[in-house]
Amino acid sequence: MRYYRQLLILLLPLAFASCGQIVVKKTIDPKAVDFAATYDTDFEGILYPSMLLALANSTEGLEQPLFQVAVTSPSNNAVLRIVTDSTLLNYVSITQETLPRKGERYSFQPTIKWKYETLYKLRQQGNVVLTFTCFINDEEVDVKNIRLNFRPVNECLMSQLGGDGRYRDYRWLFAAYVNEDHPKIDGILAEILTQGVVSTFDGSRTEKKVDNQMRAIWYYVLNRGMAYSSITCTSNGSRKSNSQYIRFFDDVYNNRQANCIDACVFFSSIMRKVGMYPIIFVEPCHAYLGYYTDKSKRKLALLETTITGWVNLPELDGHYDETTGLLDDIYYQKIARYLSEKQKKSYEAGGMALADIKKAVANNLFDRATEYQKDNYQNNKNLFSDTLQPTYRMLVIEDLRKHVLPIPAAE
């Protein structure tokens, strides 16, 4: 009897082991591997979806990778596998590398398969934890977690003070908000052609044709009644980074509101679609539009887009008397300052239909808008070409498009 009791004691642990998980003996010391997973400390745990979308297909990316993993190889030709778990923002992702020499320290940028379709739709901030599991020679060695605060996709990083004391400029990300592929633009162009300012958009590089096409786009924007409205602040509490809220093309189109950079983005999107070459000039606390008017890209025109907010042409529609050819006096006073003396006389004689009045106001404001920044540009011209100073930037959208993708329209 004693024999059977002793045999039972010996077999019970084996029976329980077979019913549960198989215990695998660890052969690799986690302390020796010293697995680390880090996020760039200069970003202070903040993730910008707009940056991920903008650089989705870039072969260059950032100078400093956002994420890094590091390990010390426990043997020659050890096989490293890093598995990043799925979250709201990413799919399960795997990075695999060979570690040639025992005792050497190796660093890699882990592959993260972002859920771009989710990033497009993020309109509020939130938090996410990315989990990185380290396997060596198929043995799980260690796990690290990184907690991040993700920002709304409308939030654009503009600048950052690095831990090395150097200023980093990220305003090239403005190009990501220029979306020449937006599905609304084809309909807009068709509507512009019905206004009678131009009969076609051909992307011509003759100065006169470019001017006419820009006037047509300008007239369309004024006819939509775009108001100036500045919303730039965000809830970003970073001590090192400066960011700004930027409206997307649909936001400007639907809400008919824009600040300086929003309007530059809106105009640039349409201009890119028809083959023009927009440029966004960024100064401290302001941005204005530029564009080349010739094939050689030597002739430059400027446009102060905020002037679109000086008048509201749609509000004239209900205050025009077809019989007399006159507006209510209060509405006439709103636009009289934007008419020449000759146009005023023609208007007062009832010789201008409402469409004529609107076109005259739009053309005169366009002339002002093209002159508005000329002196300022000449005074700061050298600063725009000086890459060492941090506050003035000349963003040629065509050049940036080689690395920065448009952020797609949300469905």
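The values are calculated or read from the model by the stated rules, or taken from the named source; none is laboratory data. No experiment lies behind these values; they were computed from the predicted model shown. Note that we place each Cβ from the backbone using ideal geometry, even for glycine, and neighbour counts take in every protein chain shown.
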Could you tell me how many of the residues in region 348-378 are surrounded by fewer than 19 Cβ atoms within 10 Å (Cβ to Cβ), part of a helix (DSSP H, G or I) and more than 29 Å from the chain's Cα centre (by Cα)?
9
Output the residue which, of all residues in region 343-398 that are in contact with a strand residue (DSSP E or B) (Cβ under 9 Å, 6 or more places away or on another chain) and among the acidic types (Asp, Glu), is farthest from ARG215 (Cα to Cα).
GLU348
When the residues of region 284-323 are filtered to those that are at pLDDT 90 or above and under 18 Å from LEU400 (Cβ atoms), which remaining residue is surrounded by the fewest Cβ atoms within 10 Å (Cβ to Cβ)?
LEU300
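If we keep just the residues of region 324-333 that are modelled with pLDDT of 90 or more and outside any helix (DSSP H, G or I), which is farthest from ARG368 (Cα to Cα)?
ASP328
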Against the definition (assigned by TED's automatic domain parsing to the domain that holds ARG393, without any contact (Cβ under 8 Å) to a residue 60 or more places away in the chain and touching a strand residue (DSSP E or B) at 6+ places or on another chain (Cβ under 6 Å)), how does PHE267 come out, yes or no?
yes
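Test SER58 against the stated conditions and say whether it is within 23 Å of ALA175 (Cα to Cα), outside the structural domain of ILE246 (by TED's automatic domain parsing) and either under 28 Å from the mean Cα position of the chain (by Cα) or in contact (Cβ under 8 Å) with a residue 12 or more places away in the chain (or both). Before the answer, list the steps.
On the way: within 23 Å of ALA175 (Cα to Cα): yes; outside the structural domain of ILE246 (by TED's automatic domain parsing): yes; either under 28 Å from the mean Cα position of the chain (by Cα) or in contact (Cβ under 8 Å) with a residue 12 or more places away in the chain (or both): yes.
Yes, satisfied.
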Residue pairs, Cβ under 8 Å, 6 or more apart or interchain, first in region 343-354 and free of Cβ contacts under 8 Å to residues at least 12 places away in the same chain, second surrounded by 14 or more Cβ atoms within 10 Å (Cβ to Cβ) and in a helix (DSSP H, G or I). List them.
LYS344/ALA336
Sort through ALA349, ALA409, ALA301, ALA362 and tell me the only one that's farther than 28 Å from LYS184 by Cβ and among the aliphatic types (A, V, I, L, M).
ALA349
Can you tell me how many residues in region 113-142 are in a loop (DSSP other than H, G, I, E, B), within 20 Å of the chain's Cα centre (by Cα) and not polar (S, T, N, Q)?
6
Residue list for region 264-302, filter: small (Gly, Ala, Ser) and in a strand (DSSP E or B):
ALA287, GLY290, ALA301
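Does region 91-114 hold any residues that are of a type in the set (Lys, Arg) and farther than 17 Å from LYS31 by Cα, and which are they? Show your work before the answer.
Here is the first cut: in region 91-114, the residues of a type in the set (Lys, Arg) are 101-102, 105, 113.
Hits for region 91-114 are ARG101, LYS113.
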